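Data block below; observations after.
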């Protein structure tokens with residue numbers, strides 16, 4: 001069973017006096033069990049991200065980081081508990097309704113990008129816009145504007161001809177295309193060299209700030225944790241045991 005723990009105090013960069021703001025993400029009493037085990041593989045009592053807040057999540061292999069992202073994105077259903085994105089319980093939605101809500105409200109940046117090969121950078125971003133309420137006639141111009149703002153001067157170029165760093169920029173543009181309430185980033189710098197990793201994270205964080213999207217970022221890279229408003233840690237079963245022994 002894994003538990004969420006704070007690693008350092010939160011630094012907030014938005015107006016906390018507005019108590020009426022709906023959280024971008026609210027997790028309550030979350031537990032997930034795999035069929036092969038009755039013991040929860042993941043358990044989080046509470047986790048909230050406000051609009052514009054940026055949280056980094058760390059944890060050893062097997063602690064449940066990727067499972068959490070899949071649950072938040074609605075790609076898996078939890079055993080119990082609720083996950084609300086911008087006030088909507090994503091797991092109460094089914095089929096097309098869930099896919100459409102995810103496409104409009106959740107942006108995702110993956111370690112391996114998952115871009116559509118054979119298509120241009122702008123076409124990859126336009127594919128995400130299909131889920132939005134943004135008028136279809138403005139999709140190409142919006143995609144180009146996003147890509148150019150992220151340093152892709154040739155949006156019509158096919159993605160397989162772009163460098164790894166440029167492909168990451170396309171992935172960031174795609175994640176933010178629909179003005180999501182929440183962006184999930186799974187090891188977004190893992191495939192990049194140190195210089196490009198720094199640039200990619202700068203772009204991701206700046207883009208989220210500009211759109212006031214909350215950011216939940218999973219990473220093993222300890223160099224970057226101090227850049228976030230809050231650092232949460234998922235403790236593995238071994239870490240929990242060690243903590244219990246130290247506290248005994």
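Using C-alpha pairs below 8 Å separated by at least 6 residues, the relative contact order for the range 125-233 is 25 percent. Each of residue 31 and residue 226 was given a label point 7 Å from its Cα along the Cα-to-Cβ line. The distance between the two points is 3.9 nm. Taking the number of Cβ atoms within 10 Å of each Cβ as an exposure proxy, the fewest-first ranking of 76, 126 is 76, 126.
Mean separation of Cα pairs under 8 Å and 6 or more residues apart, divided by the residue count, gives the range 127-176 a relative contact order of 37 percent. In the range 22-247, Cα pairs under 8 Å separated by at least six residues give a relative contact order of 28 percent. Spin-label model, residue 60 to residue 46: label points 7 Å out along the Cα-to-beta-carbon direction sit 2.9 nm apart. Treating each Cα of the range 22-247 as one equal point scatterer and applying the Debye formula with no solvent, the log10 of I(q)/I(0) at q = 0.13, 0.14 Å⁻¹ comes out as -0.77, -0.88. The modelled label-to-label distance between residue 133 and residue 91, using points 7 Å beyond Cα along the C-beta direction, is 2.7 nm.
Since every read-out is calculated from the coordinates, none of them should be taken as a lab result. Here the structure is a predicted model, which is why all the values come from computation and not from measurement. Positions of Cβ are generated from backbone atoms using ideal geometry, with glycine treated the same way; all protein chains shown enter the neighbour counts.
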